[in-house]
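Notes to accompany the following structure.
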Ligand code: COA
């Protein structure tokens, strides 16, 4: 008898990696006040690092920093900055160096998004997202690289998969994330000789995040899970696990890559076969195709 289909489970990175692999290291994370980037910060801190989280809203990052410190036993400080403003980022880096003395890891996670067709995008709307995502990543790189070279550290850029093909209502973000991916590859090549690595994490749909609640719409007739080969949406912990791996020595020869964390969603082409029924129950498909198979 064939085994029953299973849904992928996520594994807590703490049960896979040693708890102290990042002891003495320092993380600088933009967008760390909430959602995916907060969980990425938590995971890195849980393995021994201290951190600075950067965001526009002081009350949000202050509360998040307290929670992260309390939850991990290490130190997290907030630094208010808009990634579109290089001077504010430089101040955030200064604050980090004064407090911790070094920067080993950088997560470029600050991002902006909304749903809008090209016809509904003003020049300013398009520019705003490019400035937050792409220029913000560039600014973060410029502000941190002197210290990351000293530590032979590593960058992770939070990107997406939506620009791999053409997704309606996402021209601004698709353009911005394509720029982020390109920037990461060039950082890998230019900074590799200094011992610096740069990689992208491209999350698929991640449940219970601001992005999913604001950007997904129901009523398409199919559940999202049914299109994901591994059968479930991502959890923020899935992205955190990928982060721990990419920052760890286990990834010491990996640079310039994009690690897609989406349960295989990007690889499923649309077809006339119902999915996943066609895989789980080929007999039903044979009946549907009335002897053509
Ligand atoms: N459709 C079309 N245009 C939109 C829009 C939408 N849903 N939302 C914002 N814009 C436009 C604004 O109208 C403005 O253009 P205009 O001056 O021509 O009118 C431009 O984008 C800038 O918007 P504004 O809100 O002034 O910029 P901001 O810098 O304060 O904030 C965002 C920009 C992207 C951060 C803001 O839209 C936002 O708060 N988004 C939600 C938070 C978020 O994106 N989180 C990440 C989830 S993945």
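Per residue, the average separation of C-alpha pairs within less than 8 Å and at least 6 apart gives segment 82-235 a relative contact order of 25 percent.
Rg/Rh for the chain to two decimals, with Rh computed the Kirkwood way over all alpha-carbon pairs. Provide the component values of the computation, followed by the final result.
On the way: Rg = 20.4 Å, Rh = 20.1 Å.
Radius of gyration relative to Kirkwood radius: 1.01.
Across segment 224-279, the volume of the C-alpha convex hull divided among the residues equals 96 Å³ per residue.
With respect to the chain, whose longest principal axis is taken over its alpha-carbon atoms, helix 171-191 is tilted by about 60°.
The listed peptides 12-25, 151-164, ordered by packing as a protection proxy, come out as 151-164, 12-25 (highest mean of other Cβ atoms within 10 Å first). When 246, 265, 27 are arranged by Cβ crowding within 10 Å, least crowded first, meaning fewest neighbours, the order is 265, 246, 27. For the chain, the longest principal axis of the Cα atoms and the long axis of helix 86-100 meet at an angle of about 70 degrees. In the calculated pair-distance distribution of segment 111-263, the portion above 23 angstrom amounts to 41 percent of the Cα-Cα pairs.
Sorting 40, 288, 45 on the 10 Å Cβ count, fewest up front, what's the list?
Values: 40 30, 288 14, 45 23.
Ascending Cβ contact count within 10 Å gives the list 288, 45, 40.
The length gained by stretching the chain between residue 15 and residue 119 to full extension, at 0.36 nm per residue less their Cα-Cα distance, is 32.6 nm.
How tilted is helix 58-72 with respect to the longest principal axis of the chain? Cα atoms for both, answer in degrees (0 to 90, nearest 10). Helix 58-72 and the main axis of the chain meet at about 80 degrees.
Note on residue 66/residue 271: beta-carbon distance plugged into 1/(1 + (r/R0)^6) with R0 of 41 Å gives a FRET efficiency of 0.25.
Across segment 1-120, Cα pairs under 8 Å and at least six residues apart give a relative contact order of 27 percent.
Each reported figure results from applying straightforward, stated rules to the coordinates on display, with no laboratory input. Keep in mind the model is a prediction, meaning the values are calculated, not measured. Heads up, the Cβs are rebuilt from the backbone with ideal geometry, glycines too, and the neighbour counts pull from every protein chain shown.
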